[in-house]
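Take a look at the structure set out below.
Just so you know, all these numbers are worked out from the coordinates, no wet-lab data involved. No experiment lies behind these values; they were computed from the predicted model shown. Note: ideal-geometry Cβ built from the backbone for every residue, glycine included; neighbour counts use all protein chains shown.
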Amino acid sequence: MISNCLLCHNARCTEVCGKIDPGSIIRSLYFDNEDAVINRLDGNIPCIECDGRCEKACVANVNIREIISGLNARKPEKKIINYDCLKTDFCGIPLENPFLLSSSVVASTYEMCARAFEMGWAGAAFKTVCLMDIVEASPRFAAIKGDNGRIIGFKNIEQLSDHTLAENLSIFRRLKDNYPGKFLLVSIMGRDDAEWAYLAEVMNDSGADALELNFSCPNMTEGNTGSDVGQIPELVEHYCRIVKEHSRLPFIAKLTPNISDIRESADAAIAGGADGVAAINTIKSLVEVDIDPTDGIYNASIGGYSGKAVKPIALRFITELSKDKNLADKHISGMGGIETWRDALEFIVLGADSVQITTAVMLYGYRIIDDLRDGMALYLAEHGFSSVKEIENSTIEGIVPTDELDRSYIIYPKFIREKCVGCQRCLVSCMDGGHQAISFVEGRPVLDASKCVGCHLCVLVCPRKAIVSSEIRVSKKRIRKQKRV
């Protein structure tokens with residue numbers, strides 16, 4: 001299985017193959033990019049008659065030949081990927097693609113940003129610059145893992161840049177001198193009016209293209225900073241006004257998700273002169289609670305939660321921001337749980353103009369940019385779009401409040417009997433968490449349509465994907481009429 005792959009750096013399977021690059025192929029499939037792999041191979045799949053040296057070298061016993069040979073069934077027309085379709089902008093500043101590193105440890109030194117730029121990232125939001133003495137805790141990360149060991153939720157108590165202001169300014173100038181075509185977004189944070197003003201002013205000639213005001217870090221050790229500010233719209237507006245007075249650069253406000261209505265802070269930022277907003281930063285959380293009473297005192301801390309698990313929450317906030325009329329012509333930079341090009345696409349069609357990524361880079365490296373770019377460019381080509389800007393905000397009108405959902409019909413589940421193995425997971429879930437509409441006859445599920453309400457819990461829990469949506473809408477009026485008869 002692909003999930004067994006360790007995603008090795010300098011993969012041994014690739015080293016011994018000599019014909020294709022199985023390491024990058026498996027990685028692309030891992031990140032939901034099958035179309036790009038098939039396009040890259042263009043029918044050249046030598047694995048069918050191979051001696052299996054890649055599998056002998058694999059340290060995880062992955063069935064590499066079986067996985068890659070399985071792609072032979074699909075032979076779509078070869079497409080030449082034109083990356084020009086990914087070009088966009090950030091507050092009018094050109095971007096070669098919408099993919100940016102977000103302000104964090106992944107964009108905290110010259111060498112790291114330079115390596116990312118050379119690998120294809122359009123730009124970076126440099127780790128937040130401040131005038132504080134930053135002392136980090138060790139260790140400072142924790143994680144929630146899925147059944148296959150893959151990290152789905154990530155907690156950090158990482159703080160701001162621990163470089164001096166002079167060191168950071170030197171980094172910015174070097175980056176802009178050596179990578180003039182890359183976008184440099186510098187995150188800043190002050191503790192009071194004077195610090196916000198000073199940082200905004202000193203960045204004018206630093207090489208930064210734009211600023212991101214950090215009103216959202218949940219890990220600050222000093223009061224009146226980070227999310228403490230972002231939760232108070234009046235302070236957001238106040239500090240934005242100060243930056244507007246002292247900066248010649250466009251700037252956006254990075255908003256906290258640790259708030260009930262993100263639009264209040266967004267509107268305050270725009271009122272203060274911001275050119276856009278970024279969302280979301282990490283969500284306050286507690287991971288790995290010690291339940292062993294014999295350990296003595298356990299030193300734990302609430303920190304910021306990120307990774308795949310927060311994407312649904314991030315998409316909710318992006319939707320709310322996109323529907324905010326005060327942001328109609330403002331830049332929205334989306335982040336939160338993005339790993340694949342499909343994840344990024346969801347943010348863009350809901351209204352994000354650019355996307356920022358940290359956790360996936362921490363877990364898998366800058367190399368994910370290959371699949372982000374290939375996957376997005378192929379999607380645009382296959383659907384007849386010449387620019388990523390054509391799909392921005394394209395599905396936002398389809399997101400409606402729950403009270404506006406069409407409740408006049410039921411979509412029943414459909415059982416694919418040849419895939420069913422008789423585990424009865426659907427029966428258990430429907431009996432104890434649904435509407436008792438499933439029974440088993442001769443080892444296979446049978447639906448009682450008179451009880452089924454079309455909730456699709458069974459579709460979600462089936463481990464073999466043997467239950468799908470029937471895609472047939474049945475009128476509730478017709479159902480009620482049949483029941484009366």
Length gained, Lys389-Asn178, 0.36 nm per residue minus C-alpha separation, equals 73.2 nm
Likely footprinting exposure, Val229, Val135, Val361, Val461, fewest C-beta neighbours within 10 Å first: Val135, Val461, Val361, Val229
Could you work out [θ]222 nm for the chain from helices alone, using -39500 (n - 2.57) per DSSP H run of at least four and dividing by all its residues? Round to the nearest 500 deg cm²/dmol. -9500 deg cm²/dmol
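Any chance you could run the full-extension gain for Glu382 through Asp42? It's 0.36 nm times the residue separation minus the Cα-Cα distance, nm to one decimal.
120.8 nm
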At most 13 other Cβ within 10 Å, DSSP loop - GluC sites (Glu not before Pro), the stretch 237-302: Glu288
Sparse-neighbourhood loop hits (trypsin sites (Lys or Arg not before Pro), the stretch 219-292; DSSP loop; Cβ within 10 Å at most 16 others) -> Arg248
Mean separation of Cα pairs under 8 Å and 6+ residues apart, divided by the residue count of the chain: what relative contact order is that in percent? 12 percent
Matching label, mean projected area of the Cα convex hull in nm² computed from the structure shown, candidates [x] 21.8; [y] 28.5; [z] 32.5: [y]
In straight Cα distance, which lysines are under 24 Å from Lys284, not counting same-chain residues fewer than 8 positions off? Lys127, Lys145, Lys155, Lys254, Lys308, Lys311
Take peptides 166-179, 416-429 and line them up by average Cβ neighbours within 10 Å, highest first, as a rough protection proxy. 166-179, 416-429
Using amide H atoms built in the peptide plane, which far-off residues or other-chain residues are under 5 Å from Ala278 H to H? Ala253, Lys254, Leu255, Ser333
With +1 on the Cβ of every Lys and Arg and -1 on the Cβ of every Asp and Glu, the dipole magnitude of the stretch 84-398 about its Cα centre, in debye rounded to the nearest 20, is 400 debye
